[in-house]
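Encoded as structure tokens, the structure appears first; notes follow it.
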Amino acid sequence: QVQLVESGGGLVQAGGSLRLSCAASGRDFTSYVMGWFRQAPGKERGFVAAIAWSRTTSYAESVQGRFTISRDNAKNTVYLQMNSLKPEDTAVYYCAASRHIATTIQTMSLYDDWGQGTQVTVSS
């Protein structure tokens, strides 16, 4: 099992930027597919971005070109750089780890471990 701790959320004005971090415990971090999901009030949790051990990435269409996922395997940390934020990006953002062998994974049920979430609020 991997413990995941997110940080970096907060309140930002529309058009601003935030960088989320997710620190992972565990010996096999390098092999995990890491993902970010988000859940807005009254909505289901949805895929945002994922990155494989090879650094292959995938993004939800709604964040393509604005968000960048990256990982530092030496620090067991994955990041989500969020630029040009919009009010509709307001949500709790969750980090997740998958032990499945894949390039990237967008399916929530294929992730094995989850962080507690960090709130991102974008004001208009």
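Restricting the search to the stretch 100-114, which residues are crowded, with 16+ Cβ neighbours inside 10 Å and either among the hydroxyl-bearing types (Ser, Thr, Tyr) or not in a helix (DSSP H, G or I) (or both)? Result: THR104, ILE105, GLN106, TYR111, ASP113, TRP114.
Of the listed requirements (1) closer than 19 Å to TRP114 by Cβ; (2) surrounded by fewer than 16 Cβ atoms within 10 Å (Cβ to Cβ), GLY35 misses just one: (2). Given the residues ALA96, ALA50, ALA60, which is the only one that is surrounded by 16 or more Cβ atoms within 10 Å (Cβ to Cβ), in contact with a Ser or Thr (Cβ under 6 Å, 6 or more places away or on another chain) and at negative phi? Just one listed residue meets the conditions, ALA50. Tallying residues that are part of a loop (DSSP other than H, G, I, E, B), within 22 Å of ASP89 (Cα to Cα) and of a type in the set (A, V, I, L, M) within the stretch 1-27 yields 1.
Within the stretch 77-91, is even one residue in a loop (DSSP other than H, G, I, E, B), closer than 11 Å to TYR32 by Cα and touching a residue at least 24 places away in the same chain (Cβ under 8 Å)? So far as the stretch 77-91 goes, no, none of its residues is in a loop (DSSP other than H, G, I, E, B), closer than 11 Å to TYR32 by Cα and touching a residue at least 24 places away in the same chain (Cβ under 8 Å). Within the stretch 71-83, is there a residue that is out of contact with any Cys (no Cβ under 7 Å at 6 or more places or on another chain), modelled with pLDDT of 95 or more and among the small types (Gly, Ala, Ser)? No: zero hits.
The values are calculated or read from the model by the stated rules, or taken from the named source; none is laboratory data. Since the model is a prediction, treat every value here as computed from it, not as a measurement. When we count neighbours, we look across all protein chains shown, and the Cβ atoms used for this are built from the backbone with ideal geometry, even at glycine.
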